[in-house]
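Structure first, then comments.
The values are calculated or read from the model by the stated rules, or taken from the named source; none is laboratory data. Keep in mind it's a predicted model, so treat the numbers as computed, not measured. Positions of Cβ are generated from backbone atoms using ideal geometry, with glycine treated the same way; all protein chains shown enter the neighbour counts.
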Amino acid sequence: MKKLSIIAVFVSFFAVNFSYSQMSDFDLNDLDGSSVKLSEQLKKGPVLLQFWATWCIPCKEEMKVLNELHGKYKDSGFVYIAVSIDDQKSVSKVKPFIESKGYKFITVYDSDKNVFNSFGGQDPPYSVFLDRNGNVFKTYSGYIQGDDAKLDSDIREALKIGKN
């Protein structure tokens, strides 16, 4: 009986880790109500999903950096998707915030946090970087000033771009 318990724990450990190493495809609405499917975005190149909320100050700081990196690498195939996990109380603030900053990256709504949870979501900001095949390349939890260089380096690595 003890062996069965050990095997059950072992199997469940690998099942959980496998689910986070593989892409969880999604189809979420963007700011205009249009459908955004992750698998379609991956056809362009590696995708960075940043799970954020309007009430999260570090999320907004990271978003400034990611906006710059999006502008720098979008023509090389890099895709940045800001996934709002704002709930029904604050979701109405998402579109005005994005528009007030003039951001042009894809922003989608995940108010029920199903996608956030499927990627092992933690406190925001939480980001998942997927390679072109939909495998988890990197994950990031939190944001502090100075993370810019690491994000830039990781994007270049994912795109297989040498240093400029």
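Of the conditions (1) of a type outside the set (G, A, S); (2) more than 23 Å from S35 (Cα to Cα); (3) in a loop (DSSP other than H, G, I, E, B), V65 clears all except one; give me its number.
The one condition V65 does not meet is (3).
Are there any pairs with C-beta distances below 7 angstrom linking a residue in the stretch 20-40 that is under 12 Å from S118 (Cβ atoms) and among the hydroxyl-bearing types (S, T, Y) to a residue that is assigned to a loop (DSSP other than H, G, I, E, B) and at pLDDT 95 or above, with the two at least 6 apart or on different chains, and if so which?
Short answer, once both residue conditions are applied: none.
Do any helices (runs of 4 or more DSSP H) entirely within the stretch 80-164 hold 2 or more residues that are polar (S, T, N, Q) and out of contact with any Lys or Arg (no Cβ under 9 Å at 6 or more places or on another chain), and if so, which?
Numbers: elements: 94-101, 114-118, 148-159.
The qualifying helices (runs of 4 or more DSSP H) are 114-118.
Select from the stretch 98-125 the residues that are farther than 17 Å from V36 by Cβ, in contact with a Gly (Cβ under 8 Å, 6 or more places away or on another chain) and touching a residue at least 24 places away in the same chain (Cβ under 8 Å) and list them in ascending order.
Within the stretch 98-125, P125 is the sole residue that qualifies.
Cβ contacts < 8 Å: first residue surrounded by 15 or more Cβ atoms within 10 Å (Cβ to Cβ), restricted to the stretch 132-157; second residue at pLDDT below 90 and hydroxyl-bearing (S, T, Y), any location; separation 6+ or different chain. Result?
Close Cβ pairs satisfying both conditions: V136/Y20; V136/S21.
Conditions: (1) out of contact with any strand residue (DSSP E or B) (no Cβ under 7 Å at 6 or more places or on another chain); (2) closer than 28 Å to S153 by Cβ; (3) in contact (Cβ under 8 Å) with a residue 40 or more places away in the chain. K95 meets all but one. Number of the miss?
(2)
Which of the numbered conditions does S12 fail, given that it passes all the others? Conditions: (1) farther than 18 Å from R132 by Cα; (2) at pLDDT 95 or above; (3) not β-branched (V, I, T).
Here S12 clears every test but (2).
State whether one or more residues within the stretch 21-33 are in a helix (DSSP H, G or I) and either at pLDDT 95 or above or under 21 Å from D154 (Cβ atoms) (or both).
Going residue by residue through the stretch 21-33, those that are in a helix (DSSP H, G or I) are 21.
Filter once more, so that each one left must be either at pLDDT 95 or above or under 21 Å from D154 (Cβ atoms) (or both): 21.
Scanning the stretch 21-33 turns up at least one residue that is in a helix (DSSP H, G or I) and either at pLDDT 95 or above or under 21 Å from D154 (Cβ atoms) (or both).
Considering only residues that are of a type outside the set (A, V, I, L, M, F, W, C) and within 13 Å of the chain's Cα centre (by Cα), look in the stretch 38-66 and name the one that is nearest to L151 (Cα to Cα).
Going residue by residue through the stretch 38-66, those that are of a type outside the set (A, V, I, L, M, F, W, C) are 39-41, 43-46, 50, 54, 58, 60-62, 64.
Applying the additional criterion that residues be within 13 Å of the chain's Cα centre (by Cα) yields 41, 46, 50, 62.
On the way: Q41: 19, P46: 13, Q50: 12, E62: 10 Å.
Ranking the candidates gives E62 first.
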